[in-house]
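Below is one structure, written out as structure tokens, with a few remarks after it.
Every number here is computed from the coordinates shown, using simple stated rules; none is lab data. Please read these numbers as outputs of a predicted model, since none were measured by experiment. Reconstructed Cβ throughout: ideal geometry from the backbone, glycine too, with neighbour counts over all protein chains shown.
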Amino acid sequence: MDADVVIAGCGPVGAVLAALLGDRGIRVVVVDPASDARSGPHAHPRAAVLDSHVQRILRRIDGLDDWDEWATPLRRSQLLGPDRRPLLTLRLADGVPAGVMLDQPRLERALRDRLARMPTVHLHTGRSVTALEQSGDIVAVTLDDGSTLTASWLVGCDGASSTVRGLIGASYDGVSYPEPWLVVDARTDEPNTGEPTFSHVLDPARPMVTFERPGVRRWEWMLLPDEDPVGMVARIDELIQPWADPAALRVERAAVFTFHARTASAWRRGRVLLAGDAAHSMPPFTGQGLGAGLRDVATLSWLLADAPGDVDRYERERRPAVARMTRTALLTGRVMLGRNRFTAAALRGLVRTAGMLPGLDARVARAAAAPERLPDGTRQLPDAPLVVDGRRTNLDALLGNRWGVICGEAGSLDPGTRAWLTTHGAVFADVDRFAKGQATIVRPDRFIATTVPFA
């Protein structure tokens, strides 16, 4: 076979999957039609924010460089009234931030640079998947130049218009929003452009979202029913004027989008899987579209590397989580971006009252950092500080992209369990003040796999 895994698509989701697999020595071929040597990564910004849980996934990639170039810690989140005055302001803590503002093209370049240094990962540039055929435990993937790749698995990370999804006959069920949105990304050399801030504008006349970080601005406006999208793109200076001097900006992108809430009818057919937007898409109102895709591959990577016989677990765990995220995004859009002026006035009053609550910043920070849970209630371990053999560290630094066996005291596992974990590169650690008399076995995505009493 040419590879253990072929990945269609080298956006962030496909690239992170390739990096997590490559770090484990899995042979990977990544195919991407829009990433030939001339064009490189996608040239324009898309995703804007990553939460703390997604940052943990990216930190599993050893050697992923230039964090300061593509991730700016978010320091302030606001709800603004129609007059652009703050109704509520949340100050976000230092340390591992609740969110980072993302420069996606730079992240993609950093991921490509990391993949280029992995001996088991190869990028097929300027090529796309056109057909596939499954036979037993092999999938044969035909490319648009007529060549064929064979592998144990094919993963479609090729976006909302996924070719792979079509080839396995999966439908893409759900709804599309009728309201188009105009998104403008711009850069400026003006100093003092403000600390990194994310804002919802509660204006029923024209709901909008805005992002600001040093040297970079983004605005997202809902277009109204009588507005022509092409004509509105030509009027971006008029829309920007209340926020910044258009003459001081270099517009990188001005595009109109329609948002979707859709899910593939099946995420697996035989040896073919879907991840990211190929499997699901959601409105951006909670900033979780890319985060959902990266959570997909955080789970899928260890299943393909260590437990391919249990790969159905992937959809079983991730589909309900994505459905919950999508419901939250839909609700947020209805509440925060509604156009009924009486409802909007009531919401603004509620927001002002909430802003008076003592300790609100800390409460929001704790909620944002709370460990996630699987549909069956299994919890994810936080990136807590640890003392291992007298040395201070934290969980993520200790485990990296590996399984963990965490004990509160010296003890022994049954030989079969220890042999499996050793074969799969697990990190064994005795940790001060951890549960005694048992070993907690932690998956690479930091969810608890099981607890095992000492033999």
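Values for this structure:
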| read-out | value |
| --- | --- |
| Fraction in percent of alpha-carbon pairs per bin - 20 Å, the chain | 23, 54, 22, 1 |
| Global form of the stretch 105-235, assessed from the alpha-carbon gyration tensor, a/c cut-off 1.5 | oblate |
| Peptides 334-345, 151-162, 116-127, 69-80 ordered by average Cβ neighbours within 10 Å, highest first | 151-162, 69-80, 116-127, 334-345 |
| The stretch 89-245, relative contact order [Cα under 8 Å, separation at least 6], % | 13 |
| Highest average packing first - 230-241, 305-316, Cβ atoms within 10 Å | 305-316, 230-241 |
| Per-q log10 I(q)/I(0), the stretch 1-154, q = 0.19 Å⁻¹ (Debye; single scatterer per alpha-carbon; no solvent) | -1.13 |
| The stretch 398-455: relative contact order as a whole-number percent, Cα under 8 Å and 6+ apart | 45 |
| Alpha-carbon spread of the stretch 49-133, three principal axes, descending order, Å | 55, 31, 22 |
| Rough spin-label spacing in nm, given labels placed 7 Å along Cα→Cβ, for ARG366 and ASP145 | 5.7 |
| Protection-proxy order for peptides 427-439, 274-286, 353-365, each taking the mean of Cβ atoms within 10 Å per residue, highest first | 274-286, 427-439, 353-365 |
| Under 15 Å, Cβ to Cβ, from VAL141 - net charge with Lys/Arg +1 and Asp/Glu -1 | -3 |
| For the stretch 385-453: span of alpha carbons on each principal axis (Å, largest first) | 31, 25, 18 |
| In degrees, nearest ten, helix 341-354 long axis to first principal axis of the chain (Cα) | 60 |
| Summed residue charge, Cβ within 11 Å of GLU195's Cβ, Lys/Arg positive, Asp/Glu negative | +3 |
| For the chain, calculated [θ]222 nm from helices alone, where every DSSP H run of n ≥ 4 adds -39500 (n - 2.57) | -8500 deg cm²/dmol |
| Mean separation of Cα contacts under 8 Å (6+ apart) over length of the stretch 310-398, as relative contact order % | 18 |
| Bridge type composition, the chain - antiparallel percent by DSSP, nearest 5 | 75 |
| The stretch 120-187 shape via C-alpha gyration tensor axes, a/c threshold 1.5 | oblate |
| Top positive-direction residue, dipole computed over the stretch 385-453 with Cβ charges, set ALA439, LEU395, ALA429 | LEU395 |
